[in-house]
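Notes follow once the structure below has been shown.
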Amino acid sequence: MFNDIGPLELLTIIVLAVLVFGPDKLPKVIQDVMRTIRKIREFSESAKADIRQELGPEFKDFEFEDLNPKTFIRKHLDSEDLGLKEIRNGFDLKKEMAEVTEAVQSYDTDGPSSSSSSSSSSSSSSGGRIDMTKKPEEDDRPPFDADAT
């Protein structure tokens with residue numbers, strides 16, 4: 001609960017408590033605070049038990065700590081059910097990049113089969129490939145509409 005309180009902060013709280021409540025009333029105040037914290041914990045545990053009982057047996061593995069998004073994600077990503085390790089190990093980025101580079105280089109050395117023909121004959125003669133090196137013609141540009149801007 002108080003994991004982020006350092007020793008200097010704890011000493012400051014103790015000094016302030018002694019100054020505010022005085023050394024004679026401080027033990028009674030500490031007992032009252034501890035009793036209140038204990039009652040809050042008991043109330044919280046009984047509420048959790050009631051919720052688990054109402055949810056039924058299908059939610060027996062339900063943990064309220066999983067409602068924290070960080071805990072929920074950490075728990076489900078660390079589990080072996082997802083097979084993330086197999087996916088990560090099965091994906092070889094160097095191999096994939098080498099295949100893509102080889103495909104691009106083989107396409108560049110083969111070159112487009114007929115760059116001067118129309119796009120329909122070019123795509124049919126090159127096995128369904130689209131010629132990406134073709135420069136757009138002036139007629140392909142849409143007309144400028146001043147009212148649209």
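Using a 1.4 angstrom probe with every protein chain in place, what is the largest-first accessible-area order of 35, 52?
35, 52
Using a simple spin-label model with points 7 Å from Cα along the Cα→Cβ vector, what separation in nm is obtained for residue 41 and residue 106?
6.8 nm
If ligands, DNA and RNA are left out, what is the accessible area of residue 147 with a 1.4 Å probe, given in Å² to the nearest 10?
Its accessible surface works out to 140 Å², give or take rounding.
For a quick check of understanding: with a 1.4 angstrom probe and all protein chains in place, what accessible area in square angstrom does residue 14 have, to the nearest ten?
Roughly 90 Å² of residue 14 is accessible to a 1.4 Å probe.
Accessible surface of residue 36 in the full protein assembly, 1.4 angstrom probe, to the nearest 10 Å²?
80 Å²
Separation between the residue 13 and residue 74 pseudo-spin-labels, each 7 Å from Cα along Cα→Cβ, expressed in nm?
2.2 nm
Counting heavy atoms of the protein chains only and a 1.4 Å probe, report the per residue accessible area for region 10-70 as a whole number of Å². Intermediate values should be presented prior to the final figure.
Working: 5400 Å² over 61 residues.
Normalised by residue count, the accessible surface of region 10-70 is 88 Å².
The values are calculated or read from the model by the stated rules, or taken from the named source; none is laboratory data. In this text, all values refer to a predicted model and were calculated from it rather than measured experimentally. Cβ: placed from backbone, ideal geometry, glycine included. Neighbour counts: every protein chain shown. The protein model used for the area step is the full one, side chains on, heavy atoms only, and it has no ligands, DNA or RNA in it. Shrake-Rupley method; radii C 1.70, N 1.55, O 1.52, S 1.80 Å.
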